Amino acid sequence: MATRTRRAGDERLIKKYPNRRLYDTQTSTYVTLADIKELVMASESFKVLDAKTDEDLTRSILLQIILEEEACGMPIFSTQMLQQMIRFYGHSMQGLMGNHLERTMQSFMDMQQQLTEQSKSLTGGGTEAWTQMMNLQNPFMQNLMTNYMDQSKDLFLKMQEQMQGSNQLFTGFPFKGKSDSSGSNS
């Protein structure tokens, strides 16, 4: 995909036309979902707008890319996870769930970046040693993330217990304090 120089902070604009074609206004070329994926991988800021209505279609296009990636190769989301995510739509915890997933993903990316930097310093930055190191990391990363998620779950459960046990802090909520099982707040 061709690129042109642009000012820092400018968001790349992609227009989607009624014929389903995507047009990159920066390069003045038609692009594909694969090209949009390249922008994501390069951490380029962009927005996809409907050419007629100016409706923001960025999320829709990103979901299409995820759908294509999930359909081929090794999917990230299991059927059970997708079902659980769907159950949160319309639920009172929907906003919290989205925020939690976003923060968890950012934490994962931060950990991955730190491991990448540490691994490169250990291997001297050589590409062959780096490739071997990354191939060995898959089981390690799975165990690391499982432990991380278990700790996050434990922390959430402890926070929930503290919230339910505190009749001082949450007097307006229907939690019964540990010292007060009658339901009165004092």
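The values are calculated or read from the model by the stated rules, or taken from the named source; none is laboratory data. Everything numeric here is computed off the predicted structure, so don't read it as measured data. Every residue, glycine as well, gets a Cβ built from its backbone with ideal geometry; the counts of neighbours run over all protein chains shown.
Taking the range 12-43 as the region of interest, how many residues are of a type outside the set (Lys, Arg), surrounded by 15 or more Cβ atoms within 10 Å (Cβ to Cβ) and touching a strand residue (DSSP E or B) at 6+ places or on another chain (Cβ under 6 Å)?
So the count comes out to 7.
From the list Glu117, Glu161, which one is over 23 Å from Val40 (Cβ atoms) and either hydroxyl-bearing (Ser, Thr, Tyr) or at pLDDT below 80 (or both)?
On the way: Glu117 fails: over 23 Å from Val40 (Cβ atoms).
Matching residue, one of Glu117, Glu161: Glu161.
Here is a check on your reading of the model: is Gly125 closer than 23 Å to Leu33 by Cβ and at pLDDT below 85?
Working: closer than 23 Å to Leu33 by Cβ: no; at pLDDT below 85: yes.
Judged against the criteria, Gly125 is not a match.
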